[in-house]
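Down below is the structure, laid out as structure tokens.
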Amino acid sequence: MNLARLRSWWKWVVKRKQLEGDMDAELLFHIKSHAEDLVRRGVPEADAIRQARIALGGIESQKDAMRDSVGHRWSDELWLDLRYAARMLGKNPTFTLVIVLTLALSIGANSAIFSLIDGVLLKPLPYPRAEQIARVFYRSTSYPKFPLNPWDFLDFRGRNRSFESFAIYTHADVQLSGMGSDPVKLSTFQISSGYFRVLGVQPARGREFDFSEERPGNGNVVILSDRVWRNQFEAAPDILGRKVLLDSQAYTVVGVMPAGLNHPGNSYNSIAYGDTVDAWTPFTFSGNPNNRGSHYVEGIGRLKSGVTVEQAAADFNGIMVELASQHEDDKGWTIYMVPLFREIVGSVHKMLLVLLGAVGLVLLIACVNAANLLLARAAARQKEIAVRAALGAWRGRLLRQMLTESLLISLLGGALGVVLAIVGVRALVFFLPAGFPRTEAIHVNAFVLSFTALVAVGTGLLFGLVPAVQASQIDPKQGLHEGGRGSSGSIRQTRLRAVLVVGEVGLACLLLVGAGAMLRSFMNLLRLDPGFQPQHVLTAEIALPNANYKTTDNVAGFYQRLLNNLNTLPGVRAVGAGTDLPWTGYDENLGGFTIEGKTPPPHEEFHARYHTASADYFRAIGIPLLRGRFFNDQDSKGEPRVLLINNVMARRYWPGEDAVGKRITFDDKPKDSDWFRVVGVVGDVKDTPGSKEAEPAFWWPVLQEPFPFANMTIVLRGDSDPALLTDALRSKVRELDPSLAVAHVRLLDRVADEQFSTSRFALFLIGLFAALALLLAAIGIYGVISYSVSQRMPEFGMRVALGASSWNLLKMVMKQGVLLTGIGVAIGLGCALVLGGVLDNLLFGLSARDPLTLIVVGAIAVVTASLASLPSALRATAADPMTSLRAE
Amino acid sequence: MGKQVDLLQGTLDMLILKAVSLGPLHGYGVLLRIQQISGEQLEIQQGSLYPALYRLEHQGLIKSEWGESENRRKAKFYRLTAAGRRQLQSETDKWNRLAAVIVGILNTKPEGI
């Protein structure tokens, strides 16, 4: 179309009314002028107009041809089709409502889940060339993902040929004080000098750390996040060079990062991916460079362009072999390298795809359902279509008319679906499980909207095509003659609808099996004994700054005093302090200790989670004592050294023996006083509720801990609502040391509950989708049975005349519904058996092929089908023999 | 009316352009003008006239405006645009060449080969 045509076409769009008038006037003028000429030639006046009209041809077809000339016939017909479609839909509001609502629900659900997929899986991470960033871990036979040790890192940084830059980071919170208000705990990471280069992010002000600041004594510099700079320093423009007090030591601010910088996430003492970090300080390398046994830093690197993660991992593994030949501690490790993107979204990747699959199934069912309903209506409209065909409507035109109708339906559904999706995505994000990555990237954006539009159009074509083709093939003669009843076409159509319903039921069963398996899995999780009693427990974290609390005595003494003071509070049933709260993902592990009288299996060492705990810690958190005794105040410095161990440790290292009274030591050449004696065995707590089994674990009494544990969690068990104890806790801490921050005040049952949130989230959504699928299938069954009953009413009447009872008729109709469902169920459960593996690692304690689930799902489907067939069956029993006889 | 010649496919547009190139005309006037200058030998199918006029205007070869007819009625007059004039020129050249070739072919005698 060139410019002139475009302009003319557009003129016809905007000035339509005027131009239509012009068209009439022009043709009228022509007729009049012609008629006058005819009169002049002697034609009688009355006849002249008629002749002139005939000469011009039909005015309307003339006008159609003229509109066609300016490219407007197509859009005119579309407009007609649309108006016709709208009228047809308006005529049957129940039908329209059911079909539009079911489509809106399923399209909306698809868009909502797609927003999740788009935000989490499709959008690139917010770092420049993020695909080049990889995370580096150690791996051994017992630890699939383990932190690095700092000295190995220096060797890797010096020797590798794969990374543009390679850095480490480790979580080390600090307290910011001296600001005039209560001290605040800053979520802080110690980082090596290349860290921000790896992320590809420049400080907004100031600079990154350089190599010199990695040396001990040079590390008192800090980079602040934009948030801390604004909230704690009022966005002071002269912030660079200012001294701030971190853990009571002076640090110089050398940089401020830009707003919205995202932490790449970490696994050791983990902080979630996102805008979650307040400050960064340099990681300083101190101590003995040959001590390679201490693993607590996480590796992250930016690959040189053209280097793959696999190549880099091979490079690193080569270096690892060299290191292992030089250092005993480095034996047994290999490198595990993973793209940052996969590390961040890996945990939810599978769940999202399963959700997308589920919601896609729902849409497919909704399509089948819509096709089914349209077919039913096409049957009712057979006469109308036959009339149109007889009046000369071209077959393609009929097809287009029918498709316009289905597209109108699906676009209405899509529009409503977008509204649902916008609301739904808000709700989804709100209910996302704790620790779900990249929630900030989840929006209904233009991409999601185009996806929705595409889905809506695709849906309309999909469910509209079959009924449209069927309708356009109606033979006008037959359609007019028989009114559709009993004709071969309608038999074929009934069969087609039966097939559709079977498919619907099958798909719905597939979803129901998934939902059922998830429900059982969730119940399994809930039924588990957590190993502790999270109700009525308040927890809070305290970190003692190293500057003021250097020795074990300082640290242990502080906690002892604090606990004594807290014990006097009214409403406190038990109070304790411990490291590593259950289910918080922070699990310190120690390997290589010695058990008296035992040798570890070859190539392995004794290892266990290690913690310290105060005397009343176990009572406060509700971990039961199985044998022996808890700690008491006599387990202090100078007294015989003692340990508590968990049941797994007792059974693993002292199988068939009583572990109480046995001794272990952490020294290579122990004196008699270096041995710790097991005084009790406590119940097991798994790392997470879904872990297969608990890891071996032991506790030192706080007063005998071999090195100071500055960070501890206070555990307060109250009589009733423990949240009421928060203020008292804060004031007791302030009494002892006003420079301390009380951080992460949480209710333990909330902490425990977060562990179920992923399962609950997936269960809720899959359950919702399955319910929707079941409803759609029920509508489908109802539609087919109800149509078949109205077709067979005369037959039923005859049967009644021949002596059939109401019960016989009821049974006949119900049998039809149940039979269709039965076939669908068989197909659906068969598919579930084949596809069940998809769900396996989302489930806990059962497989998706769990027979009980399959049986229950089958039963639900059959009951639903019976309920959906019942109204039609009851209608059949009212068949009147007289009506049938008269009709035939 | 004498014996009439059928209009060749695709020539109507060209004839309309020629007709309005001699001065603005309304639709009925186009019809009369073509009949007149063809010496009443051509009669245009009235049904195809208006679609053709609309098509030419749509293509920007003619443009229309309302005016008063010779019998003092409101009528829509068409006139040639610059683009239409170029189109008419090239159509005329094409037609003349084609006609010359065809006439040459049809006049060929056996001894001319």
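The values are calculated or read from the model by the stated rules, or taken from the named source; none is laboratory data. Here the structure is a predicted model, which means the values were calculated and not measured. Neighbour counts are summed over all protein chains in view; Cβ atoms, including those assigned to glycine, are modelled from backbone coordinates with ideal geometry.
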Are any of the residues in region A:11-19 assigned to a loop (DSSP other than H, G, I, E, B), away from chain B (no Cβ under 11 Å), within 30 Å of B:Thr81 (Cβ to Cβ) and under 55 Å from the mean Cα position of the chain (by Cα)? yes
Residue that is under 44 Å from the mean Cα position of the chain (by Cα) and over 17 Å from A:Pro582 (Cβ atoms), where the choices are A:Arg641, A:Arg652: A:Arg652
State all residues of region B:30-85 that are assigned to a helix (DSSP H, G or I), more than 9 Å from every other protein chain (Cβ to nearest Cβ) and in contact (Cβ under 8 Å) with a residue 24 or more places away in the chain; if no residue qualifies, say none. B:Val30, B:Gly84, B:Arg85
Determine which single condition B:Asp93 fails, assuming it passes every other condition in (1) modelled with pLDDT under 90; (2) farther than 15 Å from A:Glu26 by Cβ; (3) loosely packed, with under 14 Cβ neighbours inside 10 Å; (4) among the acidic types (Asp, Glu). (1)
Report yes if some residue within region A:326-338 is surrounded by fewer than 17 Cβ atoms within 10 Å (Cβ to Cβ) and among the acidic types (Asp, Glu); otherwise report no. yes
Considering each of A:Asp64, A:Asp22 in turn, give the residue that is within 8 Å of chain B (Cβ to nearest Cβ), surrounded by fewer than 17 Cβ atoms within 10 Å (Cβ to Cβ) and within 18 Å of B:Leu56 (Cα to Cα). A:Asp22
Can you say whether B:Thr108 is farther than 28 Å from A:Lys11 by Cα, more than 14 Å from chain A (Cβ to nearest Cβ) and surrounded by 12 or more Cβ atoms within 10 Å (Cβ to Cβ), as far as the supplied structure shows? no
Do we find a residue being at the interface with chain B (Cβ under 7 Å from one of its Cβ atoms), in a helix (DSSP H, G or I) and under 14 Å from B:Gly47 (Cα atoms) anywhere in region A:34-41? yes
Count - residues of region A:223-279 that are of a type outside the set (Ser, Thr, Tyr) and in a strand (DSSP E or B): 15
For the condition closer than 23 Å to A:Phe153 by Cβ, among the hydrophobic types (A, V, I, L, M, F, W, C) and modelled with pLDDT of 90 or more, what is the one hit in A:Leu303, A:Leu356, A:Leu361? A:Leu303
Considering only region A:536-560, how many residues are part of a helix (DSSP H, G or I) and touching a helix residue (DSSP H, G or I) at 6+ places or on another chain (Cβ under 6 Å)? 2
Of the residues that make up region A:96-105, is at least one hydrophobic (A, V, I, L, M, F, W, C), at the interface with chain B (Cβ under 9 Å from one of its Cβ atoms) and over 15 Å from B:Tyr54 (Cα atoms)? no
Residues within region A:587-613 that are surrounded by 13 or more Cβ atoms within 10 Å (Cβ to Cβ) and not in a strand (DSSP E or B), tallied: 6
Answer yes if at least one residue in region A:800-812 is under 30 Å from the mean Cα position of the chain (by Cα) and in a helix (DSSP H, G or I), and no otherwise. no
B:Gly2 being out of contact with any Ser or Thr (no Cβ under 8 Å at 6 or more places or on another chain) and modelled with pLDDT under 85: yes
Restricted to region A:118-164 and to residues being assigned to a helix (DSSP H, G or I) and within 24 Å of the chain's Cα centre (by Cα), the residue surrounded by the fewest Cβ atoms within 10 Å (Cβ to Cβ) is A:Leu122
Across region A:47-60, what is the number of residues that are more than 8 Å from chain B (Cβ to nearest Cβ) and either closer than 22 Å to B:His58 by Cβ or in contact (Cβ under 8 Å) with a residue 60 or more places away in the chain (or both)? 3
Collect the residues in region A:165-200 that are in contact (Cβ under 8 Å) with a residue 40 or more places away in the chain, outside any strand (DSSP E or B) and over 26 Å from A:Glu588 (Cβ atoms), keeping them in residue-number order. A:Gly178, A:Met179, A:Asp182, A:Ser193, A:Phe196, A:Arg197, A:Val198, A:Leu199, A:Gly200
Residues being within 20 Å of A:Val745 (Cβ to Cβ) and either of a type in the set (Asp, Glu) or assigned to a loop (DSSP other than H, G, I, E, B) (or both): count how many of those fall in region A:676-721. 5
Condition check: surrounded by 18 or more Cβ atoms within 10 Å (Cβ to Cβ), within 13 Å of chain A (Cβ to nearest Cβ) and touching a residue at least 12 places away in the same chain (Cβ under 8 Å). Does B:Gly27 satisfy that? yes
Pick from region A:722-758 the residues that are modelled with pLDDT of 85 or more and assigned to a strand (DSSP E or B): which of them is surrounded by the most Cβ atoms within 10 Å (Cβ to Cβ)? A:Val742
Hits in region A:68-83 (condition: touching a residue at least 12 places away in the same chain (Cβ under 8 Å) and facing chain B (nearest Cβ under 8 Å)): A:Val70, A:Gly71
Taking the condition of being in a loop (DSSP other than H, G, I, E, B) and surrounded by 21 or more Cβ atoms within 10 Å (Cβ to Cβ), how many residues in region A:382-415 meet it? 0
Taking only region A:85-105 into account, find how many residues are in contact with a Ser or Thr (Cβ under 8 Å, 6 or more places away or on another chain) and surrounded by 14 or more Cβ atoms within 10 Å (Cβ to Cβ). 3
Suppose we filter region A:570-591 for residues that are modelled with pLDDT of 90 or more and in contact with a helix residue (DSSP H, G or I) (Cβ under 7 Å, 6 or more places away or on another chain); how many remain? 6
